[in-house]
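S.K.: Handing you a structure now.
The values are calculated or read from the model by the stated rules, or taken from the named source; none is laboratory data. Bear in mind the structure is a predicted one, so any value in this text is a computation, not a measurement. Cβ sites come from the backbone with ideal geometry, for glycine too, and all protein chains shown count toward neighbours.
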Amino acid sequence: MMPFSEQPNNDSDSEPEAREDIKQVLSLYRDETIDEFERYDLLRKAFLMALNVQDWVAAKCYVAEGIIPAMEARMDSPLVKILERYANDKPQFDDCLKWLVASGANLQSCGIVGHTPVIFAITSSLEYALEALLKAGADPNAPEPLDDRLVPLMYAVRVGDIKLGKLLLQYGADPLTKDKQGRNAIDHAEKHGCPELASIFRTISNNN
């Protein structure tokens with residue numbers, strides 16, 4: 001399949017509807033005799049498969065049925081899914097990321113364990129993916145929605161990755177952002193035995 005960046009700009013709705021594989025999926029999806037979970041699961045699997053083979057025509061058709069917000073509402077972020085599948089395949093990851101963002105995917109949406117794409121990239125030590133997300137506009141200060149509402153810098157401290165911490169700072173992460181307990185990234189760095197990050201965070205804070 002052609003990479004997203006090389007796809008022609010075609011807004012015609014007739015082409016997707018004419019394809020038998022897409023028609024079959026949509027026919028089943030619109031069948032109100034099957035329950036809501038089965039309908040959602042059908043469209044979700046078809047959408048992820050379309051991303052897997054870079055079938056942007058099919059993916060666009062499933063997006064029109066609302067699959068992206070449906071996944072995000074269930075804390076099943078499509079952005080986290082592509083991180084899980086393609087983080088070590090840079091061309092595939094880049095194409096899927098660009099396409100999903102262009103199609104309205106929320107860069108702060110969460111996966112099943114409650115991590116945003118940025119936090120997932122940090123906990124998985126995916127430097128390339130983290131920078132790609134930040135370049136695409138992901139918020140470097142967006143907290144996880146659950147538990148202590150930790151922010152990305154605090155996760156960089158937890159995994160002890162100075163390079164990821166510096167990368168977050170480069171894209172505007174604030175060391176003074178507090179979690180639910182009122183602790184900032186400096187507090188976390190001191191608690192978790194990361195003096196170098198604590199010193200970097202303190203220097204950045206004092207200069208702002």
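S.K.: Is at least one residue of the stretch 153-160 without any contact (Cβ under 8 Å) to a residue 40 or more places away in the chain, crowded, with 18+ Cβ neighbours inside 10 Å and not in a helix (DSSP H, G or I)?
M.R.: Within the stretch 153-160 (the criterion being without any contact (Cβ under 8 Å) to a residue 40 or more places away in the chain, crowded, with 18+ Cβ neighbours inside 10 Å and not in a helix (DSSP H, G or I)), the answer is no, since none of the residues qualifies.
S.K.: Can we say R44 is surrounded by 13 or more Cβ atoms within 10 Å (Cβ to Cβ), within 19 Å of the chain's Cα centre (by Cα), charged (D, E, K, R) and at pLDDT below 95?
M.R.: no
S.K.: Do we find a residue being more than 21 Å from I200 (Cβ to Cβ) and either surrounded by fewer than 16 Cβ atoms within 10 Å (Cβ to Cβ) or among the small types (G, A, S) (or both) anywhere in the stretch 161-181?
M.R.: Checking the stretch 161-181: at least one residue is more than 21 Å from I200 (Cβ to Cβ) and either surrounded by fewer than 16 Cβ atoms within 10 Å (Cβ to Cβ) or among the small types (G, A, S) (or both).
S.K.: Could you tell me how many of the residues in the stretch 93-105 are surrounded by fewer than 18 Cβ atoms within 10 Å (Cβ to Cβ) and at negative phi? Spell out the reasoning first.
M.R.: Filtering the stretch 93-105 for residues surrounded by fewer than 18 Cβ atoms within 10 Å (Cβ to Cβ) gives 98, 101-104.
Narrowing the set further to residues that are at negative phi leaves 98, 101-103.
Matching residues across the stretch 93-105 total 4.
S.K.: Filtering the stretch 74-120 down to residues that are charged (D, E, K, R), under 15 Å from R44 (Cβ atoms) and assigned to a loop (DSSP other than H, G, I, E, B), which residue is nearest to the chain's Cα centre (by Cα)?
M.R.: Across the stretch 74-120, the extreme among qualifying residues is D76.
S.K.: If I filter the stretch 109-141 down to residues being surrounded by fewer than 17 Cβ atoms within 10 Å (Cβ to Cβ) and either under 12 Å from S77 (Cβ atoms) or among the small types (G, A, S) (or both), which single residue comes out as modelled with the lowest pLDDT?
M.R.: I112
S.K.: Here's another thing I want to ask about it. Being β-branched (V, I, T), over 23 Å from H192 (Cβ atoms) and out of contact with any Asp or Glu (no Cβ under 7 Å at 6 or more places or on another chain) narrows it down to one of I112, I67, so name that one.
M.R.: I67
S.K.: Follow-up question, since we're still on this one. In this structure, is G172 part of a loop (DSSP other than H, G, I, E, B), in contact (Cβ under 8 Å) with a residue 24 or more places away in the chain and of a type outside the set (A, V, I, L, M)?
M.R.: yes
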